[in-house]
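Some notes on the structure that comes next.
The values are calculated or read from the model by the stated rules, or taken from the named source; none is laboratory data. Source: prediction; values computed, not measured. Virtual Cβ from ideal backbone geometry, glycine too; neighbours counted across all protein chains shown. Please note that ligands, DNA and RNA were not included when accessible areas were found on the heavy atoms of the full protein model with its side chains. Shrake-Rupley method; radii C 1.70, N 1.55, O 1.52, S 1.80 Å.
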Amino acid sequence: MGGETVLVASSGGVTRLTLNRPEKLNAFTLAMHAQLRAALEAAGACSECRVIVLTGAGRAFCAGQDLAETRGGSEGGVADAGSRLEQAYNPLVKLITSLEKPIVCAVNGIAAGAGANVALACDIVVAARSASFLQAFTRIGLVPDASGTWTLPRLIGPARARALTMLAEPLPAETAEAWGLIWKTVDDDKLEAEVSALASKLAAAPTYALGLTKRAIALSSTNTLAQQLDLERDLQRKAGASPDAAEGISAFLEKRAPKFTGSRA
Ligand code: LHQ
C-alpha cells in the first residue's frame, strides 16, 4: 500500500533519498516513515555510503504529517497525536541527529509542519530560493513538533522562534539563510548541481571525523565547557588514531591532495 514513498539512489558514496508523494506535497504517512527510517538505517550501516542527501519529489519538500491519515473519528481533531510522535517522528529525528554521517537536506520547495523540522534536523540544509519554511502547526491548533521547539530557539533565538511558530507565516529561504536557520539558499535551477557538488565533496571527506564532529556538536547543547573539552579530548584521540588522520597529515606535509577512505580503522 502506498507504493514507493521514498526513492533511494546510491552512487559515488552518496545515497539520495527522495520523499515521493508529490501529489500530496510529500506529506508523511506511516508507510513513508517506515521506508525513510529503513533507508536511513541501511545508509548508516553501508560502508560505501559516506553522505546522505534528503530531498522531495515535485514542487514541495514535505508538507508535514498527512492530516487525512491522522484525522480523529467522529470528534475530528487528531487521533492520538502523541503516539504518532512517539512511533514515528521522534525516532526519525533521533536517527537523523545520531547517524554519524553527514546528512544534507535539499529543500526543493515548501517545507511545512514536521516537514520543516525534519529538514532542520539535518546537518546541512540547502534550499531553493523559492522554497519556504512554514511552522504550520498553530494554524491547525497543534504545537510544533519533530524537534522544532528545540532547534528553532537554538538556531534563531527565542524571540524569532516564538513569532515564527505563533504567527505560522512562511519564512522565505533567503530569510532563513540570513537568520542562520539554514546553510545556504541557491537559485532553483542550481539546487541539484550545488547539492551534488556538496555531496561529492563530503563523500571524499574523512567520514569518521565528520561523524565524530556531528556527535560533538550535538552533545555541546547539554555539556558544560569542561565536559565539552573532555569530550573533544576523547574524540580527538579516536580521530587522531584513524587512517584518515594519518593520510591527511601525510598529504599536508607532502603537499598533495589527501585520499580519505572514510574508515575508522
Ligand atoms: C496534504 C497536506 C497534508 C494531507 C498538502 N496532509 N494532504 C504530528 C503528529 C500527529 C499528527 C499531526 O501532525 C504532526 C506533525 C505535523 O506535521 S502537523 C502539520 C501538518 N501540516 C500542515 O498543516 C500543512 C498543511 N498543508 C498546507 O498548509 C499547504 O498544503 C501548503 C501551505 C504546504 C501548500 O499549499 P499549496 O501550495 O496551496 O498546496 P495545496 O494545499 O493545494 O496542497 C496540494 C495537495 O496536497 C492538496 O491535495 P489535493 O488532493 O486537494 O490536490 C492538499 O490537500 C495536499 N496536502 N499538505 N499535510
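State all residues of region 14-38 that are away from the ligand (no atom under 16 Å from the Cβ) and either crowded, with 18+ Cβ neighbours inside 10 Å or closer than 23 Å to Ala131 by Cα (or both); if no residue qualifies, say none.
Val14, Thr15, Arg16, Leu17, Thr18, Gln35
Could you check region 61-89 and list, in sequence order, the residues that are open to solvent by 30 Å² or more (accessible area, probe 1.4 Å) and more than 10 Å from the ligand (Cβ to nearest atom)?
Answer for region 61-89, where residues must be open to solvent by 30 Å² or more (accessible area, probe 1.4 Å) and more than 10 Å from the ligand (Cβ to nearest atom): Gly73, Ser74, Glu75.
Since Leu95 meets every condition but one in (1) within 13 Å of the ligand (Cβ to nearest atom); (2) among the hydrophobic types (A, V, I, L, M, F, W, C); (3) open to solvent by 10 Å² or more (accessible area, probe 1.4 Å); (4) closer than 25 Å to Arg50 by Cα, which condition does it not meet?
It fails just one condition, (1).
When only residues in region 156-185 that are among the β-branched types (Val, Ile, Thr) and away from the ligand (no atom under 16 Å from the Cβ) count, which is nearest to the chain's Cα centre (by Cα)?
In this case the residue turns out to be Ile182.
Which pairs have Cβ atoms under 8 Å, sit 6 or more apart or on different chains, and link a residue in region 219-241 that is among the charged types (D, E, K, R) to one that is open to solvent by 60 Å² or more (accessible area, probe 1.4 Å)?
Lys238/Arg264
Assess whether Ala257 counts as being out of contact with any Gly (no Cβ under 7 Å at 6 or more places or on another chain), open to solvent by 60 Å² or more (accessible area, probe 1.4 Å), small (Gly, Ala, Ser) and at pLDDT 95 or above.
It is true that Ala257 is out of contact with any Gly (no Cβ under 7 Å at 6 or more places or on another chain), open to solvent by 60 Å² or more (accessible area, probe 1.4 Å), small (Gly, Ala, Ser) and at pLDDT 95 or above.
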